Amino acid sequence: ENVSGYYRISSFYFAKLIIDVPLVHIIPSIIYTIITFFLTGLRQSMENFFLFFITNLMAKIFGSSMCYFIAASTSTFGVALVMVICCYVTMMLFSGLLINISSILSFLRWIQWISVFRYASNVLAINEFRNLTLCLPYDIDQCSMKGEEILLRRHISYTTTWDIWKNIVALLFISGTFFIMAY
């Protein structure tokens, strides 16, 4: 159809994005968020729910954008699959969850700035641990730790609202960059 001139590649690409975002990303993300947010026992507030939803949605959209780019860049499924796995594993390693960023060799630390998992986990950590007091179980009135201590140990800045939104903007920027490169 494209070779016959029925439509241009841009028409196909934008139509695919317009259909994919609501049907493949937004609706499943709403369902996933409703189920996991309440089952995992996260702090119950509309702000926390909204941030959890936005973060999961942006991570899902990033995954799609990276897969679009890699699929457009390779000719075989096997090569694309290996490239996606390598990208995901690299981003997970440099997110700060599996390995503390300060223990990574200094010449490799720059990879943290392109790790989508880092930005998503930072938002989720701030969302859960900011203004949280952790107490011992079994109704003991001893509260020995503040959630902010966890954020400080992970070197996550959390004091302003911008500390959350800069991570979400980074997710949006990286996703948009991959969508543009895929085109």
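Nothing in this text is a laboratory measurement; each read-out follows from the coordinates by a stated rule. Model, not experiment: these values are computed from the prediction. Cβ sites come from the backbone with ideal geometry, for glycine too, and all protein chains shown count toward neighbours.
Which condition number in (1) farther than 29 Å from ILE31 by Cα; (2) without any contact (Cβ under 8 Å) to a residue 60 or more places away in the chain; (3) not β-branched (Val, Ile, Thr) is the one that CYS87 fails?
(1)
So that you can scan it fast, the table gives a plain yes or no per residue for (1) farther than 27 Å from THR133 by Cβ; (2) part of a helix (DSSP H, G or I):
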| residue | (1), (2) |
| --- | --- |
| TYR6 | yes, no |
| LEU23 | yes, yes |
| PHE37 | no, yes |
| ALA59 | yes, yes |
| ALA71 | yes, yes |
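Checking SER75 against (1) exposed (fewer than 11 other Cβ atoms within 10 Å of the Cβ); (2) out of contact with any Lys or Arg (no Cβ under 7 Å at 6 or more places or on another chain); (3) within 25 Å of THR161 (Cα to Cα), which single condition isn't satisfied?
Of the numbered conditions (1) exposed (fewer than 11 other Cβ atoms within 10 Å of the Cβ); (2) out of contact with any Lys or Arg (no Cβ under 7 Å at 6 or more places or on another chain); (3) within 25 Å of THR161 (Cα to Cα), the odd one out for SER75 is (3).
Filter the range 112-126 for residues that are touching a Lys or Arg at 6+ places or on another chain (Cβ under 9 Å) and either of a type in the set (A, V, I, L, M, F, W, C) or touching a residue at least 24 places away in the same chain (Cβ under 8 Å) (or both) and give the result.
Of everything in the range 112-126, those that are touching a Lys or Arg at 6+ places or on another chain (Cβ under 9 Å) and either of a type in the set (A, V, I, L, M, F, W, C) or touching a residue at least 24 places away in the same chain (Cβ under 8 Å) (or both) turn out to be TYR119, SER121, ASN122, ALA125.
If you go through the range 97-111 one residue at a time, do you hit one that is in contact (Cβ under 8 Å) with a residue 24 or more places away in the chain, over 17 Å from the mean Cα position of the chain (by Cα) and exposed (fewer than 14 other Cβ atoms within 10 Å of the Cβ)?
Yes: the range 97-111 contains one or more residues that are in contact (Cβ under 8 Å) with a residue 24 or more places away in the chain, over 17 Å from the mean Cα position of the chain (by Cα) and exposed (fewer than 14 other Cβ atoms within 10 Å of the Cβ).
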